[in-house]
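Here is the structure we will look at.
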Amino acid sequence: MKEIIAFLRAVRDNNNRPWFMAHKEEYQRCQQRFDALTARLIEGVAAFDDTVRGLQPKDCTYRIYRDVRFSADKSPYKTHMGCYICPGGKKSGYVGYYFHIGTGGADSDGYPTAHMLAVGDYCYEPRVLQILREDIAGGEGDFDNIVRRQCSSLFWLDQTGVLKRNPKGFPPDAPYPEYLRLKTFCLCYEPGDDFVTAPDVANRVIDLFRTTLPFTRYINRAIDYAHAGW
């Protein structure tokens, strides 16, 4: 993974097409290594979550080319390599297990480029959010128990875009307002270089993802229910 980190930091410092084209073979080697890691992660995740069984790296990985249409920053290349392992692949709408290798800090759009593990998603259909909130409010603390177990270790719950008051349909005294006000249901962890460059990095990532299975099942149950109602 050291080669990938070094290449991504070089992209960060030389984010232009002429430089990238001159280093295209280096990029291809790094992508092949990341694809091999992704294949290992898929295999490991499928051992405890069979909803991702049969996925291929191409179903889970992303292009390095940035979509600059709506960004003030026109730098053409991402400075991270990531994969999202979820039922049906990265565009399915289900939540799953995300891992990326980055350079540190955040890019000009605010996207974190430090190494990251994340479980869940940051963009949900309104009906999915409604069902999740109803499940949480009526769940007698089951979601709270899941989150507390996860956040007692390395993960934290993303608070991006949190509402200032309970959403429509939930009174001010509804239980678990700290979750009802979330727009992003995602657990995050940012490991250091020592974690990512360890010889057993795949096993480390898989072991952490395994602990989050109750969280992904909880959210995907709501997504299943929302799909059934469409």
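The values are calculated or read from the model by the stated rules, or taken from the named source; none is laboratory data. This structure is a prediction, so every number in the text was calculated from the model and none was measured. Ideal geometry is used to build each Cβ from the backbone, glycine not excepted, and the neighbour counts take in all protein chains shown.
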**Fill in**
Restricted to the range 52-70 and to residues being farther than 14 Å from Cys30 by Cβ and of a type in the set (Val, Ile, Thr), the residue modelled with the highest pLDDT is Val52
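Could you tell me whether the range 175-188 includes any residue that is among the basic types (Lys, Arg), assigned to a helix (DSSP H, G or I) and either modelled with pLDDT of 95 or more or within 13 Å of Phe155 (Cβ to Cβ) (or both)?
For the range 175-188, residues among the basic types (Lys, Arg), assigned to a helix (DSSP H, G or I) and either modelled with pLDDT of 95 or more or within 13 Å of Phe155 (Cβ to Cβ) (or both): absent.
Pull up the range 202-216, narrow it to residues that are within 17 Å of the chain's Cα centre (by Cα) and farther than 22 Å from Gln159 by Cβ, then point me to the one that is surrounded by the fewest Cβ atoms within 10 Å (Cβ to Cβ).
Step one: filter the range 202-216 for residues within 17 Å of the chain's Cα centre (by Cα), giving 202, 204-216.
Narrowing further to those that are farther than 22 Å from Gln159 by Cβ: 202, 204-207, 210, 213.
Details: Ala202: 19, Arg204: 15, Val205: 22, Ile206: 20, Asp207: 11, Arg210: 14, Leu213: 15.
The qualifying residue surrounded by the fewest Cβ atoms within 10 Å (Cβ to Cβ) is Asp207.
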**Message:** Looking only at the range 67-79, filter to residues that are surrounded by fewer than 19 Cβ atoms within 10 Å (Cβ to Cβ) and charged (D, E, K, R); which one of those is nearest to Asp207 (Cα to Cα)?
**Reply:** Asp67
**Item:** Qualifying positions in the range 35-64 - more than 17 Å from Ala202 (Cα to Cα) and part of a helix (DSSP H, G or I)
**Value:** Asp50, Thr51, Lys58, Asp59
**Complete:** Checked pairs for the range 34-50, first modelled with pLDDT under 95, second surrounded by fewer than 17 Cβ atoms within 10 Å (Cβ to Cβ), C-beta under 9 Å and 6 or more apart or across chains, list as none
**Message:** Residues that are of a type in the set (Val, Ile, Thr), crowded, with 22+ Cβ neighbours inside 10 Å, within 17 Å of the chain's Cα centre (by Cα) and closer than 20 Å to His115 by Cα: does the range 50-59 have at least one?
**Reply:** no
**Fill in**
Within the range 1-33, residues touching a residue at least 12 places away in the same chain (Cβ under 8 Å), closer than 18 Å to Gly104 by Cα and outside any helix (DSSP H, G or I) come out as Met1, Asn15
